[in-house]
Amino acid sequence: MHAIETEGLRRVFRRRRRGLFGSREDEGPAEVVALEGADLVVSEGETFGLLGPNGAGKTTLIKILATLLTPSTGRARVRGFDVESQPLEVRRRIALVSGGEQAGYGILTVREQLWVYTQFHGLPTREVMPRIDAALERFGLADRARSKLSKLSTGERQKMNVIRGFLLQPEVLILDEPTLGLDVSAARAVRVAVREWVREAPARSVLLTTHYMTEADELCDRVAFIHKGRLLACDTPDALKRRVSDRTTYRLETDAAGGPSGDGLLDGIPGVAATASTDPAAGRTRYVLSLADEGAIGEVVSRLSAGGVRIRSLRSERPTLEDVFLAATGEGLGDGA
Amino acid sequence: MIGVARAARSFRSAAWLGWSVDTNWADPVTIGTLLVVRPLAATMLLVLIFEVARGTGSADPRFAHLYVGTAFYTILGATLHAISFVVMDDRERYETIRVVATSPVPLAAYVAGRGLSSLVNSCVGAGVILAFGSLALGLPLRPAGLLSPLFLAGFGLGVASAVGLAIGLAGVHLVTARHHYLLGESVAGVLYLLSGAIFPIEALPFGADRLARLLPFTYWLEALRRPLVPEASACSPTLAAISDATLLAILAVSSAALGAGGLALFRACERSARRRGILDARTDH
């Protein structure tokens, strides 16, 4: 069974025109297509990333899957249940956590607030209280367990809402920019928690939207790009990056090797194209190597060593998911409306 | 059975949440004092107006009519405002409606549970008003009437219809912006006039008495007044002519209709809000 499945999902927002003489809402197009024929499958046990700029349609898709919004046409199913005709079954199986979310009652303590959320899902108090304490410990909020929400920092409130997502023990966890605004260690804790949570039970799945490409790269089994309401490329991060370039680039710095191409030391290595530039003042030669086969880097290093050239640094440069998005759309991830 | 147990758990936690939120700003003594003082002060204002206008004192059955009607009306007013306002509160202020709306708890049940504490508080307030009227103002109250089948059944039905109407208004809030937050109080204000809380329905102008006859709250107040202060019942010949059994039957039918209508309205508005994607949309204008 698929965790999530959408077929030809389309969502159009129509502007409402009111009043005898129209209104300021008349400005702009009469309708906006937020999602255009999205076909998507997220498998059981998969962590799936949805990447795209602001206004691309990510949140629209997530709201449909979370039953907060109905599609104009098309179908969406979560764990086999239709979001329109079986919303209650869908809600029993999901948890939605949005980045920057400040939801909560200031008067309640962190522990009380989390308990209330679990009650909406009908979870027994005896079972959830130890889980709440363990989750607070894991996210570094144990000492704030009895603090009122109104006393928490923005980041702490967000962490609490991420904890909510895990506590509800959903089959499908929907994370909409979960690390937005979190500090480095908190964001790392979230990523670790997501990985461990998925690993704990084979049926658990995650749908993640994020602006952080490294986060998607690190967490997701597959990612899809969404742009202007359309789902574009969808594959594993590595496969997507190979689409941009099937060659690997290395940057290598050595002590000055004499000539502009290292005195021809690297000539003739199969599948390796090298360019070099020497900076006499710094006494360094910098190579840019384009390798058809990543294994050829061994031969490069051997030749340089054999030629008595001392290697100062070596690093590979791979295409990023942002490069993939750029290649697919001609726009950067930050260029969206 | 598991579903019912889960729903009951959700309702209980929503009620606890409502109590926590309602009492978040003060200690229990202050809240208790306010529970007594606020409804009492409002009622005293009316008593004063009556005294000045009529000068006939608490022996006048019209005084008892007004006093008892106003005491119980506070329950209606508080229920309509508290339950309907939950939507605004959770959407605009606490931003939790998204969490509730994506959980399996029925939104209408949650809203009713969240407003429960205000309903209970207002019942306490009504009791205080009546006790004060009896002890301090000489209201000819018959305490035994509190245990009469007419009072008990009528009270339950009336509260159920108030909750039903409030849920309907909460539904309207799901599809309206926050500047409509006074909807519950506005409707309650109209009902104050139309349900015969102050005036006998025969005194209503422009055929409004016909509208009053359609409202369960008119029969509700009569079902509460009759066992407690039978003399007050005579102020409205129309209602006085109805037997206890018929009164309860009318109240039951009209309450069921209002309750079902309120729930249907809520569901229609919830569907509309989900269709338009505005269920969790804060209105910043």
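The values are calculated or read from the model by the stated rules, or taken from the named source; none is laboratory data. These figures come from a predicted structure and were not determined experimentally. Reconstructed Cβ throughout: ideal geometry from the backbone, glycine too, with neighbour counts over all protein chains shown.
Name the residues in segment B:140-183 that are among the hydroxyl-bearing types (Ser, Thr, Tyr) and outside any helix (DSSP H, G or I), would you? If the condition is that a residue be among the hydroxyl-bearing types (Ser, Thr, Tyr) and outside any helix (DSSP H, G or I), then B:148, B:176, B:181 are the ones that fit.
Selection of first residues in segment A:225-254 that are on the phi > 0 side of the Ramachandran plot and of second residues that are of a type in the set (Ser, Thr, Tyr) and crowded, with 19+ Cβ neighbours inside 10 Å, restricted to Cβ pairs under 8 Å at least 6 apart or on distinct chains, gives the following pairs, ordered by first then second residue: A:229/A:60.
Residues that are out of contact with any strand residue (DSSP E or B) (no Cβ under 9 Å at 6 or more places or on another chain) and either over 15 Å from residue A:178 (Cα atoms) or not in a helix (DSSP H, G or I) (or both) within segment A:195-215 comprise A:196, A:199, A:200, A:201, A:202, A:212, listed in sequence order. Of the residues examined, residue A:225 is one that is surrounded by 15 or more Cβ atoms within 10 Å (Cβ to Cβ), at pLDDT 85 or above and either of a type outside the set (Asp, Glu) or part of a loop (DSSP other than H, G, I, E, B) (or both). Annotation: residue A:181 fulfils all but one of (1) modelled with pLDDT under 90; (2) part of a helix (DSSP H, G or I); (3) of a type in the set (Gly, Ala, Ser); the unmet one is (2). Considering only segment A:133-154, I want to know if a residue exists there that is assigned to a loop (DSSP other than H, G, I, E, B) and within 9 Å of chain B (Cβ to nearest Cβ). No, segment A:133-154 contains no residue that is assigned to a loop (DSSP other than H, G, I, E, B) and within 9 Å of chain B (Cβ to nearest Cβ).
Residues of segment B:138-176 that are aliphatic (A, V, I, L, M) and surrounded by fewer than 16 Cβ atoms within 10 Å (Cβ to Cβ): B:144, B:146, B:147, B:152.
Scanning segment A:108-124 for residues that are more than 13 Å from residue A:157 (Cα to Cα) and at the interface with chain B (Cβ under 7 Å from one of its Cβ atoms) yields A:116, A:117, A:119, A:120, A:121, A:122. Just one of the listed residues (A:292, A:281) is aliphatic (A, V, I, L, M), closer than 21 Å to residue A:239 by Cα, loosely packed, with under 15 Cβ neighbours inside 10 Å and at pLDDT 80 or above, and it is A:292.
The residue of segment B:80-128 that is farthest from the chain's Cα centre (by Cα), among those that are part of a helix (DSSP H, G or I), facing chain A (nearest Cβ under 10 Å) and acidic (Asp, Glu), is B:90.
So that you can scan it fast, the table gives a plain yes or no per residue for (1) surrounded by 15 or more Cβ atoms within 10 Å (Cβ to Cβ); (2) more than 14 Å from chain A (Cβ to nearest Cβ); (3) among the β-branched types (Val, Ile, Thr); (4) part of a helix (DSSP H, G or I):
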| residue | (1), (2), (3), (4) |
| --- | --- |
| B:251 | yes, yes, no, yes |
| B:256 | yes, yes, no, yes |
| B:260 | no, yes, no, yes |
| B:275 | yes, no, no, yes |
| B:283 | no, no, yes, no |
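Within the option set A:83, A:97, being within 26 Å of the chain's Cα centre (by Cα), more than 7 Å from chain B (Cβ to nearest Cβ) and farther than 27 Å from residue A:135 by Cβ holds for one residue only, A:83. Looking across segment A:116-138, the residues that are buried (at least 20 other Cβ atoms within 10 Å of the Cβ) and under 23 Å from residue A:191 (Cα atoms) come down to A:117, A:118, A:128, A:132, A:135, A:136. Among the residues of segment B:96-118, is there at least one that is in contact (Cβ under 8 Å) with a residue 40 or more places away in the chain, among the basic types (Lys, Arg) and surrounded by fewer than 24 Cβ atoms within 10 Å (Cβ to Cβ)? The answer is yes, given that some residue of segment B:96-118 is in contact (Cβ under 8 Å) with a residue 40 or more places away in the chain, among the basic types (Lys, Arg) and surrounded by fewer than 24 Cβ atoms within 10 Å (Cβ to Cβ). Scanning segment A:229-275 for residues that are buried (at least 19 other Cβ atoms within 10 Å of the Cβ), at pLDDT 80 or above and assigned to a loop (DSSP other than H, G, I, E, B) turns up A:229, A:266. Scanning segment A:34-46 for residues that are surrounded by fewer than 23 Cβ atoms within 10 Å (Cβ to Cβ), in contact with a helix residue (DSSP H, G or I) (Cβ under 9 Å, 6 or more places away or on another chain) and assigned to a strand (DSSP E or B) yields a single hit, A:40.
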